[in-house]
Structures are given as structure tokens and as C-alpha cells.
Amino acid sequence: MKCPFCAHVESKVIDSRASAPGDVIRRRRECESCARRFTTYERLDDMVPVIVKKDGRRESFDRQKLLAGLSRACEKRPVSREALDALVDAVERGLIDTGDKEVSARLIGERVMRELSVLDDIAYVRFASVYRSFRDISELRAEVERIDIAQREGRVS
């Protein structure tokens with residue numbers, strides 16, 4: 001494992017723990033060169049289905065890509081990194097639970113938006129505006145009005 005501080009390739013494992021669901025192994029490591037400590041997470045990737053994009057391309061599920069998009073949507077919003085990690089974990093677990101070899105990107109996007117709407121309305125609108133590619137302000141306004149109506153009726157998204 002390459003050290004994120006000095007790029008040395010040798011490190012020793014100080015501590016290992018499995019997550020509650022058992023799908024992630026957390027390892028605390030120490031670089032043998034600079035002696036700084038860092039954490040790695042190991043996940044099984046081969047169980048996650050391939051994502052079928054709108055244009056028909058197929059890509060491996062990229063947890064970091066989804067997390068980066070969510071982080072941009074939640075920038076300067078009161079949403080913790082832990083909440084975003086939990087959202088991505090839930091999406092990833094849902095993908096694995098389908099048992100399918102391929103899943104539409106649309107299904108993932110809708111699931112992410114549903115989960116994000118519970119966390120923060122503004123972050124949801126930011127994410128939806130990119131994901132749904134609103135063409136003009138009237139489409140954005142319609143989405144905001146839909147959220148407002150849902151909140152007044154006591155339901156979320």
C-alpha cells in the first residue's frame with residue numbers, strides 16, 4: 001500500500017476491523033519510511049453490478065465518483081461526510097442486493113436523489129439540476145415547487 005504522505009510502498013498494518021455489515025475492512029497502517037499513520041478501506045468490488053449509462057456505455061460502479069458528486073452538491077451545506085458515506089454505502093448495498101449483473105444509471109440517480117432529498121433540500125436541487133440536466137429556469141422552478149408541495153403535505157420527495 002502506497003503511503004499518501006511520502007509515496008513509499010511499504011507499510012505495516014497496526015489494526016484491522018470489519019464494518020458492522022461486514023462488507024468493508026478498515027485497516028490502520030503505518031508507513032515504514034516516514035512512520036506516519038493512515039487508514040485504508042477494503043471492499044469487494046466484483047459483486048457490484050456494471051452501470052449502464054444513458055448512451056449505452058458500461059462502466060464499473062465508482063464509489064469515489066458518486067461521493068465527489070454528492071460532496072459538490074452538499075458544499076457549504078450542513079451535511080456531514082459521514083452522512084454522505086452512509087448514503088453511498090446504502091446505494092452500493094442496494095446495487096449488490098439486486099443480484100443483477102447490470103443496472104441502469106437512471107435507477108442509481110433516482111435512488112441517490114431520493115436519499116439526498118431526505119438529507120438536504122438544497123443539496124438535492126443542486127444534484128438534480130446536474131443529473132436531470134434542467135434546460136431552463138422553469139424546469140428548476142417546477143422541481144423546487146414539487147419539493148415545497150411535498151414538504152407542506154408532510155412527505156419528502
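The values are calculated or read from the model by the stated rules, or taken from the named source; none is laboratory data. Quantities reported herein were computed from a predicted structural model and do not represent experimental measurements. All Cβ positions, even for glycine, are placed from backbone atoms using ideal geometry, and neighbour counts span all protein chains on display.
Each row is one residue, and each column tells you yes or no for (1) touching a residue at least 40 places away in the same chain (Cβ under 8 Å); (2) on the phi < 0 side of the Ramachandran plot; (3) in contact with a strand residue (DSSP E or B) (Cβ under 8 Å, 6 or more places away or on another chain); (4) of a type in the set (D, E, K, R).
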residue	(1), (2), (3), (4)
D97	no, yes, no, yes
V103	yes, yes, yes, no
E110	no, yes, no, yes
E115	no, yes, no, yes
Y124	yes, yes, no, no
V130	yes, yes, no, no
D136	no, yes, no, yes
R141	no, yes, no, yes
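The residues on offer are V13, V9, and the sole one that is free of Cβ contacts under 8 Å to residues at least 12 places away in the same chain and either assigned by TED's automatic domain parsing to the domain that holds L107 or not aromatic (F, W, Y) (or both) is V9.
On the basis of being surrounded by 14 or more Cβ atoms within 10 Å (Cβ to Cβ), touching a residue at least 24 places away in the same chain (Cβ under 8 Å), part of a helix (DSSP H, G or I) and not assigned by TED's automatic domain parsing to the domain that holds S19, does L67 make the cut? No; evaluated as a whole, the condition is false for this residue. In the stretch 78-157, counting only helices (runs of 4 or more DSSP H) that sit wholly within it, the ones holding 3 or more residues that are among the acidic types (D, E) and surrounded by 13 or more Cβ atoms within 10 Å (Cβ to Cβ) span 81-98. Just one residue in the set F38, F61 is within 12 Å of the chain's Cα centre (by Cα), without any contact (Cβ under 8 Å) to a residue 60 or more places away in the chain and not in a helix (DSSP H, G or I); that residue is F61.
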